[in-house]
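The values are calculated or read from the model by the stated rules, or taken from the named source; none is laboratory data. In this text the structure is predicted, and so the values were computed from the model without any measurement. Counting neighbours? That spans all protein chains shown, and the Cβs are built from the backbone with ideal geometry, glycine included.
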């Protein structure tokens, strides 16, 4: 059954409340959004309740209903033997209800409190139940185009463990559900995201989960990004709803209910996300919860006027277009409708801020670049030149404490320019601060590099004044180092700082391993489809089909790759151009999408899709999407592959001590350790002679 997304199923805005009663807050300000309601229906079609939500929809609001089998030990969905009856009950409930066309099947199925009779709900079981319910609902007359949503997992919950997921990873649980659903078998997703405490600074915090084994996942509000990144390509055109958000610490919740900007910051974060054309948009952010439940008084909004005021202020943010629902097929709102950068200056005059002492030259360089990029995107380094600071001098002592003129004394800059630089510096230079639980947030935090937003925002290439021009008689090593530095060097330097290796080490490894570029002239990701690996992943199970369309040398399987899209066409040689690579990749994907992704080498690092997990990605299509975002992501992904979560791999430990032979043995194998290790040492020495930075 095909998926159809109808515009009339959506309200104007992403604002929403969990349960009816507070919708007047949206209507009074002319910001109609969402109301989420719940229904516990059991599994007997003849005894399901009826519901009428038309009093809400008549006012421009739209309703999402979460259908539960029951609560507590009854289970959010029933035991597997009752899935058919439950699906029939869902269809009967939909037929008896008015004013709703969006339904969520169950709630947080990985959470132990949602289990039927204490039995864990495994991903394959939830996918089976969901599929049956969706099929039954969409057969109800008048509901053929309804959206039936997959319930997202309970974040940070590891209680459901199984053979493919022994750690109970909540994102892997979600990905395992989606892997069971094919194109046209899913309508969208109802996910949750939270902060631990009522603290708005935690909403834009990019911090890895603190528990060992989960550092590759995010903690705090931006955990929603892990969920978004785990959605496979075939579902990227579907709507996504955040149907619960709040400060989630039990017995604390919204606390005293003071208006401290948590709600405003949360909606700004989602508007920022939706502003990017590369992001699958989120159609709702629904605050939990309006109603005061006897067992959950810490989350009620009805009796917390401060939270209501915060919600009103969120709905007054201008321009309002930044907070409108963006359909998956629609382009983002025009530039300026939401804050475009992770740490933007406030609208209007920039306030004066005090920056704690002790910041380094590199912090000053970064602050000037960020401010310059905001003021003059075409010439981001010009602001530092205008201030009279010499970039090359600061770069040669990057880790030294800044000792130049006080930023307030840089009189060549306007007052607003000086304040903007200080604002950026205060955002970049943040001495370690105590968390509410007494622990520490690391800077950089311990996790994969791709979670570090400041690193991802770093320039790729160094400014012109720091470019390397090798001597006319330079050897191949000097030329290679110069080429890699001039294309990737600034980002490599920042990666080296984060991983606590020397910049020359990062340059040497990059010069030895990276392609000269990772994208073609149009910005398309460079790939290479490997026939012999696709044979191992798919062809061995489908021998006849594989040999109809693909060939390779059986003795030297990396050679003589050929293919054809039809048995009546002549064989074509592979690897002649990027158009050829993408054509054969698309054909292989039509046979086995996952196998094709796993068998494809991607980007400047030439990283095979099958290695996605070692680079911190949940799936090969997530890695392909990430690498398609540009060479920055590719270089970061390569060093994530080398270092692992926290950069704590044996390979990285060897690089920290300049033990190139051990690194070579671990990275390329013992047989290649001598030659490859010697190459790395020569490239490292070449950078020491040419180095433009400290």
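Could you pull out the residue among 258, 271, 208, 266 that is modelled with pLDDT of 90 or more and more than 23 Å from residue 296 (Cα to Cα)?
271
Inspect region 557-572 for any residue being within 24 Å of residue 631 (Cβ to Cβ), at pLDDT below 95 and more than 25 Å from the chain's Cα centre (by Cα) and give the result as yes or no.
No: zero hits.
State which residue is farthest from residue 22 (Cα to Cα) when the search covers only region 35-52 and only residues that are surrounded by 20 or more Cβ atoms within 10 Å (Cβ to Cβ) and under 36 Å from the mean Cα position of the chain (by Cα).
Checking each candidate, the answer is 41.
Are any of the residues in region 513-525 part of a helix (DSSP H, G or I), within 27 Å of the chain's Cα centre (by Cα), buried (at least 17 other Cβ atoms within 10 Å of the Cβ) and outside the structural domain of residue 625 (by TED's automatic domain parsing)?
yes
Could you tell me which of the residues 136, 175, 154 is within 21 Å of residue 79 (Cα to Cα), under 24 Å from the mean Cα position of the chain (by Cα) and crowded, with 19+ Cβ neighbours inside 10 Å?
Criteria check complete, one pass: 154.
If you take the residues in region 189-206 that are under 25 Å from residue 65 (Cβ atoms) and in contact (Cβ under 8 Å) with a residue 60 or more places away in the chain, which one is surrounded by the most Cβ atoms within 10 Å (Cβ to Cβ)?
190
For every residue, the table says whether it meets (1) in a helix (DSSP H, G or I); (2) farther than 23 Å from residue 602 by Cβ.
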| position | (1), (2) |
| --- | --- |
| 480 | yes, no |
| 491 | yes, no |
| 495 | yes, no |
| 507 | yes, no |
| 511 | yes, no |
| 533 | yes, no |
| 560 | no, no |
| 566 | no, yes |
| 582 | yes, no |
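For region 619-629: of the residues being in contact with a strand residue (DSSP E or B) (Cβ under 7 Å, 6 or more places away or on another chain) and surrounded by fewer than 24 Cβ atoms within 10 Å (Cβ to Cβ), which is nearest to residue 492 (Cα to Cα)?
628
Have a look at 643, 616 and point out the one that is within 25 Å of residue 520 (Cα to Cα), modelled with pLDDT under 95 and out of contact with any strand residue (DSSP E or B) (no Cβ under 9 Å at 6 or more places or on another chain).
616 is the lone residue from the list that is within 25 Å of residue 520 (Cα to Cα), modelled with pLDDT under 95 and out of contact with any strand residue (DSSP E or B) (no Cβ under 9 Å at 6 or more places or on another chain).
Would you confirm, using the coordinates I've provided, whether residue 685 is crowded, with 24+ Cβ neighbours inside 10 Å and out of contact with any strand residue (DSSP E or B) (no Cβ under 8 Å at 6 or more places or on another chain)?
It is false that residue 685 is crowded, with 24+ Cβ neighbours inside 10 Å and out of contact with any strand residue (DSSP E or B) (no Cβ under 8 Å at 6 or more places or on another chain).
For region 391-403, give me each residue that is at pLDDT 90 or above and out of contact with any helix residue (DSSP H, G or I) (no Cβ under 6 Å at 6 or more places or on another chain).
Listed by number, the residues that qualify are 401, 403.
Does residue 412 meet the test of being part of a loop (DSSP other than H, G, I, E, B), touching a helix residue (DSSP H, G or I) at 6+ places or on another chain (Cβ under 8 Å) and under 26 Å from residue 501 (Cβ atoms)?
no
Scan region 211-238 for residues that are farther than 17 Å from residue 267 by Cα and buried (at least 18 other Cβ atoms within 10 Å of the Cβ) and report the count.
14
Kindly indicate whether any position in region 670-682 is at pLDDT below 90, surrounded by 19 or more Cβ atoms within 10 Å (Cβ to Cβ), out of contact with any strand residue (DSSP E or B) (no Cβ under 7 Å at 6 or more places or on another chain) and in a helix (DSSP H, G or I).
no
Which condition from (1) crowded, with 24+ Cβ neighbours inside 10 Å; (2) part of a helix (DSSP H, G or I); (3) within 33 Å of the chain's Cα centre (by Cα) is the one that residue 94 breaks?
(3) is the only condition that residue 94 fails.
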